[in-house]
Amino acid sequence: MSFPPARGERLPWEQVPEAIRATIEQRLEARVTRAVTRPGGFSPGLAATLELEDGRRFFAKAVGPEPNPESAELHRREAHVAAALPPETPAPRFLFSVEDLSGWVALVFENVDGHDPALPWLADELDRVLDALTVLVHALTPAPIEAPSVEEHLDEMFHGWRELERPEDEWATAHLDELRALEARWAAAAEGETLLHSDVRADNILLTDERVVFVDWPHACIGAGWVELLAFLPSVAMQGGPHPWEVFEAHPVGRDVPPDLLQPVLAALAGYFAYRSTLAPPPGLSTLRAFQRGQGAEALAWLKRSLGES
């Protein structure tokens with residue numbers, strides 16, 4: 001089974017500006033002797049485990065203003081969120097950030113000795129992640145830190161059907177007015193008081209022997225807890241897992257969500273993926289649009305089923 005990889009164009013440690021590298025080594029009080037790149041994820045920059053001369057290991061990520069200026073701002077946002085997360089959150093412990101005048105931003109975390117979920121998804125690993133999502137949602141309700149509402153965070157992006165004049169999917173083209181009307185109601189449906197990661201995918205998860213750890217938190221926002229599960233499941237289906245509705249309707253976070261709340265958010269998510277997949281890829285993220293297209297197909301299939309159209 002093949003599917004689009006979640007992969008940015010990684011940068012080796014040696015190509016990070018010397019001043020950033022020197023500051024990181026100074027803060028860690030040891031020289032970096034080896035940097036092992038972690039390939040998964042959509043950040044076009046450094047993402048590596050740093051091995052120090054004294055045997056300690058840490059994880060670092062860094063980007064500059066090129067090739068994608070938005071990535072640096074995402075790193076700044078992640079630093080703000082990661083520094084504020086309660087210590088019991090199943091996320092890597094944040095240590096510090098470094099920034100220079102040229103616009104480079106680096107973040108340093110504890111190193112999590114884990115691995116990405118196997119793809120296609122394995123049933124036992126998916127079960128572990130789904131159980132961990134239940135714990136995550138309950139632990140972060142009510143939201144323990146300040147963050148934008150889900151509407152503030154996603155409103156500029158969640159109007160894809162309004163942007164598309166002729167979707168690639170024939171059913172969507174025939175039902176475009178209905179999709180636009182549904183999409184317009186998403187924000188009220190997604191209101192809630194849970195702190196959401198809002199970008200849970202296989203490449204943002206690490207599995208250890210004891211824990212499931214959710215990494216990369218720049219998109220944290222506050223909304224309904226079930227939105228976390230809904231946004232995750234199209235990627236699971238695309239990557240060889242079960243149909244989204246099979247999981248959602250059986251999961252404690254999703255099974256009691258009524259259709260009048262589910263359908264507007266699902267329509268907005270499907271429209272987001274459908275529209276974004278038609279755009280040129282951002283610099284340094286050559287596989288992003290294909291990844292979004294695959295998620296969009298799964299989200300739209302779920303929406304059709306929910307509407308009784310399949």
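The values are calculated or read from the model by the stated rules, or taken from the named source; none is laboratory data. No experiment lies behind these values; they were computed from the predicted model shown. Here the Cβ positions follow ideal geometry from the backbone for every residue, glycine too, while neighbour counts run over all protein chains shown. Surface accessibility is based on the protein's heavy atoms, side chains included, excluding ligands, DNA and RNA. Shrake-Rupley method; radii C 1.70, N 1.55, O 1.52, S 1.80 Å.
So which residues in the range 26-45 are under 19 Å from Asn204 (Cα atoms), surrounded by fewer than 14 Cβ atoms within 10 Å (Cβ to Cβ) and of a type in the set (S, T, N, Q), if there are any at all?
Thr37
Would you mind telling me which numbered condition in (1) among the hydrophobic types (A, V, I, L, M, F, W, C); (2) under 25 Å from Phe232 (Cα atoms); (3) out of contact with any helix residue (DSSP H, G or I) (no Cβ under 6 Å at 6 or more places or on another chain) Leu101 fails?
All conditions are met except number (2).
Inside the range 147-171, can you point out the residues that are over 12 Å from Leu269 (Cα atoms), in a loop (DSSP other than H, G, I, E, B) and in contact (Cβ under 8 Å) with a residue 40 or more places away in the chain?
The answer is Ala147, Pro148, Leu164, Pro167, Glu168, Asp169.
Which one of Ala22, Ala48 is at pLDDT 90 or above and surrounded by fewer than 17 Cβ atoms within 10 Å (Cβ to Cβ)?
Ala22
So, in the range 180-211, of the ones that are in a helix (DSSP H, G or I) and out of contact with any Asp or Glu (no Cβ under 7 Å at 6 or more places or on another chain), which residue ends up surrounded by the fewest Cβ atoms within 10 Å (Cβ to Cβ)?
Step by step, filter the range 180-211, then rank; the result is Ala188.
Under 9 Å between Cβ atoms, which residue pairs at least 6 apart in sequence (or on different chains) link something in the range 21-32 that is of a type in the set (A, V, I, L, M) with a partner that is in a helix (DSSP H, G or I)?
Hits for this filter: Val32/Trp13; Val32/Arg21; Val32/Ile24; Val32/Glu25.
So that you can scan it fast, the table gives a plain yes or no per residue for (1) more than 23 Å from Glu88 (Cβ to Cβ); (2) in contact with a strand residue (DSSP E or B) (Cβ under 8 Å, 6 or more places away or on another chain); (3) small (Gly, Ala, Ser):
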{"position": "Thr134", "(1), (2), (3)": "no, no, no"}
{"position": "Thr141", "(1), (2), (3)": "no, yes, no"}
{"position": "Leu154", "(1), (2), (3)": "yes, yes, no"}
{"position": "Phe158", "(1), (2), (3)": "yes, no, no"}
{"position": "Ala172", "(1), (2), (3)": "yes, no, yes"}
{"position": "Ala181", "(1), (2), (3)": "yes, no, yes"}
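Across the range 295-310, what is the total count of residues that are open to solvent by less than 20 Å² (accessible area, probe 1.4 Å) and not in a helix (DSSP H, G or I)?
Residues meeting the conditions: 0.
So which helices (runs of 4 or more DSSP H) are wholly in the range 218-294 and hold at least 3 residues that are under 30 Å from Glu9 (Cβ atoms) and within 16 Å of the chain's Cα centre (by Cα)?
By residue number, 225-238, 259-276.
Please count how many residues of the range 70-95 are in contact (Cβ under 8 Å) with a residue 24 or more places away in the chain and either open to solvent by 40 Å² or more (accessible area, probe 1.4 Å) or polar (S, T, N, Q) (or both).
The qualifying residues number 9.
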